[in-house]
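Structure first, then comments.
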Amino acid sequence: MDKKLEELKLLAEKIYNLSSVLRNYCKTNSNNIEEIENLCPLIEYIHNNINTLNSIFINMDLQGS
């Protein structure tokens, strides 16, 4: 895999991990805090889309082996 794709793969993994933590935090700690409730849909959107991108990179690795 070319260096730029490898960098993008690592970035996608980091964003996925961060979005997973934030998603769980939003679900368990909103306690009617308006700011967190407002962030929840955005975090969910990011998590779903980065999950798709992350799976593309994972499949690229499998095809390259």
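The values are calculated or read from the model by the stated rules, or taken from the named source; none is laboratory data. Quantities reported herein were computed from a predicted structural model and do not represent experimental measurements. Quick reminder, even Gly has a Cβ in these numbers, built from the backbone with ideal geometry, and neighbours come from all protein chains shown. Remember, those area values only see protein heavy atoms, side chains included, never the ligands or the DNA or RNA. Shrake-Rupley method; radii C 1.70, N 1.55, O 1.52, S 1.80 Å.
Once the Cα atoms are used to define both axes, helix 3-29 deviates from the longest principal axis of the chain by about 20 degrees.
Short-range pairs are left out: with C-alpha atoms under 8 Å and at least six residues apart, the relative contact order of the chain is 44 percent. Remark: the chain carries 77 Å² of accessible area per residue (probe radius 1.4 Å; ligands, DNA and RNA excluded). Straight-line cross-link reach from Lys4 at under 17 Å between alpha-carbon atoms covers these aspartates and glutamates, not counting any fewer than eight positions away in the same chain: Glu13, Asp61.
Label-to-label distance, Ile33 versus Ile46, with points set 7 angstrom from Cα along the beta-carbon direction: 1.5 nm. Residues whose amide H falls under 5 Å from that of Ser30, counting only those 5 or more places apart or on a different chain, are absent, with hydrogens built in the peptide plane.
Round to a whole number: what % of the accessible area of the chain belongs to carbon and sulfur, probe 1.4 Å? Working shown, then result.
Values: 2880 of 5000 Å².
Percent of accessible area from carbon and sulfur atoms in the chain: 58.
Taken over the chain, the ratio of Cα radius of gyration to 2.2 N^0.38 Å equals 1.36.
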